[in-house]
1. For the pair Arg38/Glu119, report the inter-label distance in nm, with labels modelled 7 Å from Cα in the Cβ direction.
2. Fewest to most neighbouring Cβ within 10 Å: what's the order for Glu39, Glu128?
3. Per the helix-only calculation at 222 nm, which mean residue ellipticity applies to the chain, given -39500 (n - 2.57) for every DSSP H run of n ≥ 4 and division by its residues, nearest 500 deg cm²/dmol?
4. Counting just the Cα atoms, what span does the range 11-191 cover along each of its three principal axes? Round to the nearest Å and put the largest first.
5. Counting other beta carbons within 10 Å of each Cβ, put Asp136, Asp64, Asp26 in order, fewest first.
6. Modelling each spin label as a point 7 Å along the Cα-to-Cβ direction, I'd like the Met147/Thr23 distance in nm, to one decimal.
7. With +1 on each Lys and Arg Cβ and -1 on each Asp and Glu Cβ, and nothing else charged, work out how big the dipole of the chain is about its Cα centre, in Debye to the nearest 20.
8. Taking 0.36 nm per residue of sequence separation and subtracting the Cα-Cα distance, how much length would be gained by fully extending the chain between Ile13 and Glu167, in nm to one decimal?
Amino acid sequence: MHELPLPVAASLITERLILKSPTVDDAATILDFRIATREHLQVWEPARSDAFYTLAAVESQLRDMLQQIRHQSAVHWLLHARQQQEQQGGAKIIGACNFTNIVRGAFQACHLGFSLAREYQGQGLMHEALQAAIVDIFNHHGLHRIMANYQPHNQRSGQLLSRLGFEREGLARAYLHINGAWADHVLTSLINPQQAGEQ
């Protein structure tokens, strides 16, 4: 069991993606991603005020994210398309995945969240990103359990998590306040395969 994990990697590279740990220089591109996906993600997220979509808000939240990373209570990844970045030299964010609420001690677990721009869905990109990020969380950070929850009608997320090996553990009624209303969520988890047989 890894009580003192190694420093967070700056990036993970897959066949089609670069997963990059955020820095203070990413505020503008994070804001661009939020504005571009505002309508698309609205149904899956807590209600957001207009202030959420400002540079000042992103900079404040980014400082919180960086503090979480330093304290090893979260791991945040920004997703970039490799081909786009290599050909155009741009740093456009196409998605994000986050492992938050990391608890050590006897728990060794975290929560997974993810989002992807509408135009990049249906290509297996989030599956590719999460495969790499999950290996990092288990092997680099030594966690035992990843928990991921989704609304019952969010079939795309349910299918993705199932493909990744997450198992359904139950249904939580009125679990999170999403888009202005309390929403039920399916509870799933993935156990570190290297620790699955430990007693």
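No value in this document is a laboratory result; all are computed from the given coordinates. Because the structure is a prediction, the values reported are computed rather than measured. So basically every Cβ, Gly included, is an ideal-geometry build from the backbone, and we count neighbours across all protein chains shown.
1. That separation, rounded to one decimal, is 1.8 nm.
2. Fewest to most other Cβ atoms nearby, the residues stand as Glu39, Glu128.
3. Rounded to the nearest 500, it is -9000 deg cm²/dmol.
4. Projected onto the principal axes, the Cα atoms of the range 11-191 cover 43, 38, 34 Å.
5. Exposure proxy ranking, most exposed first: Asp64, Asp136, Asp26.
6. Going by the 7 Å Cα→Cβ label model, 3.4 nm.
7. Value, rounded to 20: 160 debye.
8. Extra length available between Ile13 and Glu167 comes to 52.8 nm.
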